[in-house]
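First up is the structure itself, then whatever we jot down about it.
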Amino acid sequence: MFKYLLLFFSLCIAIFAEPIQALPQSITVDEAKASLGKSLFFDPILSQDGTISCAHCHKLEEGGDDNLKFSFGVKGQEGTINSPTVFNSVYNFRQFWDGRASDLQDQAAGPIENPVEMANTFKNLIPILEKSVYKKRFDALYKEGITKNSITDAIAEYEKTLITPNAPFDLYLRGNEDAISLDQKEGYQLFKSKGCITCHHGINIGGNLYNKFGILQDAQSKNLGRYNVTHNERDKYYFKVPSLRNIAKTGPYFHDGRTDNLYDAVVIMAKHQLGRKISEDEIKKIVLFLESLNGDTPPQVKP
């Protein structure tokens with residue numbers, strides 16, 4: 001029954017409304033705070049041993065992630081969940097796969113205090129920053145000086161700037177019929193008619209709801225997802241639906257990085273989320289559509 005409801009819902013979206021919106025060309029930020037946050041983003045001073053920066057796991061010259069199954073933190077410790085892209089994360093309704101952070105500022109504190117990532121504490125970090133060149137910059141922007149709040153606020157302000165507009169598909173949405181190929185247009189129609197659009201829609205083509213990984217067939221996930229936050233039985237295996245923007249650049253895919261092949265990722269989704277077989281030709285066209293979601297790399301991504 002669920003399969004048919006899912007199909008009906010996706011068809012309604014496809015027929016009566018445009019389910020995806022183009023990214024804006026720019027975003028309003030506090031430039032001074034964003035500049036400070038940019039410096040912090042690339043500075044390993046945030047980590048306990050001075051070896052790991054935010055940019056270590058979020059390579060901005062590529063897809064905004066590190067293209068590893070799991071990232072490595074201080075002392076070579078390996079994480080247990082795939083690092084999501086930081087690009088366009090300002091448009092996510094929550095942050096992290098399990099949605100435990102309410103916004104970018106809340107998220108910014110996580111890696112700093114995570115014992116596997118930066119393994120630091122703000123109690124330890126703040127005195128170090130106060131003895132550095134950062135003190136004057138913080139004092140000029142924040143009455144409170146250097147605090148957990150001001151550190152995370154500055155990082156979040158910079159991360160807001162990391163949007164990737166002008167993907168070919170965005171240009172198509174704005175009226176340029178020649179911005180994508182016929183196969184990509186057909187891939188988009190398949191993306192809608194097969195049901196992918198049910199979870200991947202909106203400005204970020206995802207990032208705006210939770211869904212169960214393995215709706216129609218057990219996906220054998222070792223991570224319990226949202227359940228780890230809420231401890232509600234009904235939240236087991238629920239994850240924040242990831243954005244598909246720049247997806248061709250952000251493999252390996254899924255929270256457990258189970259495949260680095262975009263074609264295979266579509267096959268996995270069709271099997272576990274849609275419960276339906278999609279032909280090889282249809283999958284190839286959906287992949288071509290997904291490749292049209294690569295936008296501009298944010299300018300001046302390095303400090």
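Just a few scattered comments:
- Candidate set: region 153-172, residues that are closer than 14 Å to Asp30 by Cα and in a helix (DSSP H, G or I); chosen: the one most open to solvent (accessible area, probe 1.4 Å): Lys160
- Qualifying position, being within 20 Å of the chain's Cα centre (by Cα) and either under 30 Å from Thr297 (Cα atoms) or open to solvent by 20 Å² or more (accessible area, probe 1.4 Å) (or both), among His231, His255: His255
- Failed criterion for Asp183 (all others in (1) open to solvent by 50 Å² or more (accessible area, probe 1.4 Å); (2) in contact (Cβ under 8 Å) with a residue 40 or more places away in the chain; (3) out of contact with any helix residue (DSSP H, G or I) (no Cβ under 7 Å at 6 or more places or on another chain); (4) within 22 Å of Leu244 (Cβ to Cβ) hold): (3)
- Inter-residue pairs, beta-carbon under 6 Å, first within 20 Å of Gly76 (Cα to Cα) and in region 113-135, second surrounded by 15 or more Cβ atoms within 10 Å (Cβ to Cβ) and of a type in the set (Ser, Thr, Tyr), 6+ apart: Met118/Ser47; Asn120/Ser47
- Qualifying residue in region 79-94 (condition: farther than 23 Å from Thr51 by Cα and open to solvent by less than 20 Å² (accessible area, probe 1.4 Å)): yes
- Residue list for region 136-154, filter: without any contact (Cβ under 8 Å) to a residue 40 or more places away in the chain and among the aromatic types (Phe, Trp, Tyr): Tyr142
- Residue count for region 258-285, restricted to those that are among the hydroxyl-bearing types (Ser, Thr, Tyr) and buried (at least 16 other Cβ atoms within 10 Å of the Cβ): 1.
- Condition met for Gly175 (part of a loop (DSSP other than H, G, I, E, B), surrounded by fewer than 16 Cβ atoms within 10 Å (Cβ to Cβ) and modelled with pLDDT of 95 or more): yes
- Within region 135-152, restricting attention to residues that are open to solvent by 20 Å² or more (accessible area, probe 1.4 Å) and among the aliphatic types (A, V, I, L, M), the residue that is farthest from Asp103 (Cα to Cα) is Ala140.
- Checking each residue in region 180-231 for being under 24 Å from Ala101 (Cα atoms) and among the hydrophobic types (A, V, I, L, M, F, W, C) picks out Cys199, Ile203, Ile205, Leu209, Phe213, Leu224, Val229.
The values are calculated or read from the model by the stated rules, or taken from the named source; none is laboratory data. Keep in mind the model is a prediction, meaning the values are calculated, not measured. Backbone-built Cβ (ideal geometry, glycine too); neighbour counts: all protein chains shown. The accessibility values were calculated without ligands, DNA or RNA, using every heavy atom of the protein model including side chains. Shrake-Rupley method; radii C 1.70, N 1.55, O 1.52, S 1.80 Å.
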